[in-house]
Amino acid sequence: MLANKNTQRLVDQFMAMAKIASPSRQEGRLAAYLKPELEALGFVVEFDSAGELAGGDTGNLIATLPGDPDIEPLVLSCHMDTVTPCIGVTPIVEDGVIRSDGTTVLGGDDKAGIAAILEGVRRIRERGVRHGLIQAVFTICEEVGMHGAMGLDYSKIRAKRAFILDADGPIGQILVRGPAKDAIHAVIHGRSAHAGLKPEAGISAIQVAARAIERMKLLRIDDETTANLGQISGGGATNIVTDRVEITAEARSLTNEKLDAQGAHMKACLEDAAHEFGATAEVTIERSYHAFSLDADEPVVRHCAAAMRHLGLTPTLTSTGGGSDCNVFNRHGMKAVDLSIGMTDVHTCMESLRIEDLEMTARLVEALIEFSDRTSLPKA
């Protein structure tokens, strides 16, 4: 039992949520748990239809707590889904650290953020702090392509300033830049032939793919751009020249121009190699999500930095190579930042969370709400 009863309450709530399995498209049980918890805090809770679009069992949870109209409204957001394995999570507390029993993920990504939001708002209400409108937005399907945020009913969102609690790393980091991502799909068509009797009559799609890949710039391109081949499939019997190979890949960059250039380079490698061998290459490139970039002078950044300094934290503006709901929120006209909340080894069975980081995240939520009432904020 922890000495601080509020911290104990926070830990208990996190551990209760950790035990609720919520893989992508199966967040319904967690949503059902959260609805009365939020209503007890004074929120009006509703769900949108994003679950129908994503093939899930619930939509995004949108909870609204009325407040003083003269104070800046804000959104506090996390995602409800977790990566697998997440069935039968048994959270264990050892030496001030919460972890699973090693057979599953812990689910701190992103239930730690949800627990901190609930506790932070609860403390604000208990203290009688004056606040503006607060919206808690808990999304679905973030881990499988941000389908929840992409399908969110933005007509229900009444705030333009959003704080997303969904980044690993030390508390104090403010993610102000995130990459755009292109999904790349290619099909190489060669010509089949008997590999022993007349191989020269064939065109090996595998050989074409090998030539193209040999020429590609991949993995770390520069400090803003990456590219990776995820899967190569094709062929079968060794006595047949393979006539079809399929390739799936991705490219990411913090700048659209560099992403466009990398995609064009990969497409050219495939098409040029196909031409050399007399094959054909069908290449499609689709933008999965868009980049975001916020300046230090943005009010949402200054707001966050001021709240952190109030808690004795040192705000650090940084970027990420991964996508999150933050990309989508910014694309839909909001000013959103993603905040590090201390999670470690996320997406693995070694995932852990320090209780002191969970407590600090709840205190940060309190400070973010309180600093909504500050009309003049210093620069980040």
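With respect to residue 248, determine if the residue is surrounded by fewer than 17 Cβ atoms within 10 Å (Cβ to Cβ), touching a residue at least 40 places away in the same chain (Cβ under 8 Å) and not in a helix (DSSP H, G or I). First the steps, then the outcome.
Numbers: surrounded by fewer than 17 Cβ atoms within 10 Å (Cβ to Cβ): yes; touching a residue at least 40 places away in the same chain (Cβ under 8 Å): yes; not in a helix (DSSP H, G or I): yes.
Yes: the conditions hold for residue 248.
I'd like the full set of residues that are more than 16 Å from residue 79 (Cα to Cα) and among the acidic types (Asp, Glu), limited to region 1-48.
Answer for region 1-48, where residues must be more than 16 Å from residue 79 (Cα to Cα) and among the acidic types (Asp, Glu): 12, 37, 39.
Being in contact (Cβ under 8 Å) with a residue 60 or more places away in the chain, over 30 Å from residue 364 (Cα atoms), in contact with a strand residue (DSSP E or B) (Cβ under 9 Å, 6 or more places away or on another chain) and not small (Gly, Ala, Ser) is the requirement here; does residue 177 meet it?
No; evaluated as a whole, the condition is false for this residue.
Determine which member of the set 62, 71 is closer than 22 Å to residue 324 by Cβ, in the same structural domain as residue 369 (by TED's automatic domain parsing) and either touching a helix residue (DSSP H, G or I) at 6+ places or on another chain (Cβ under 8 Å) or buried (at least 21 other Cβ atoms within 10 Å of the Cβ) (or both). Walk me through it before giving the result.
Working: 71 fails: closer than 22 Å to residue 324 by Cβ.
Exactly one of 62, 71 is closer than 22 Å to residue 324 by Cβ, in the same structural domain as residue 369 (by TED's automatic domain parsing) and either touching a helix residue (DSSP H, G or I) at 6+ places or on another chain (Cβ under 8 Å) or buried (at least 21 other Cβ atoms within 10 Å of the Cβ) (or both), namely 62.
May I ask you to verify whether residue 55 is assigned by TED's automatic domain parsing to the domain that holds residue 115 and either free of Cβ contacts under 8 Å to residues at least 12 places away in the same chain or loosely packed, with under 14 Cβ neighbours inside 10 Å (or both)?
Numbers: assigned by TED's automatic domain parsing to the domain that holds residue 115: yes; either free of Cβ contacts under 8 Å to residues at least 12 places away in the same chain or loosely packed, with under 14 Cβ neighbours inside 10 Å (or both): yes.
Spelling it out, residue 55 is indeed assigned by TED's automatic domain parsing to the domain that holds residue 115 and either free of Cβ contacts under 8 Å to residues at least 12 places away in the same chain or loosely packed, with under 14 Cβ neighbours inside 10 Å (or both).
Using the structure shown, decide if residue 298 is modelled with pLDDT of 95 or more, surrounded by fewer than 23 Cβ atoms within 10 Å (Cβ to Cβ) and in the same structural domain as residue 50 (by TED's automatic domain parsing).
Numbers: modelled with pLDDT of 95 or more: yes; surrounded by fewer than 23 Cβ atoms within 10 Å (Cβ to Cβ): yes; in the same structural domain as residue 50 (by TED's automatic domain parsing): yes.
Answer is yes for this residue.
The values are calculated or read from the model by the stated rules, or taken from the named source; none is laboratory data. Quick caveat, the model's predicted, so the values are computed rather than measured. Neighbour counts are summed over all protein chains in view; Cβ atoms, including those assigned to glycine, are modelled from backbone coordinates with ideal geometry.
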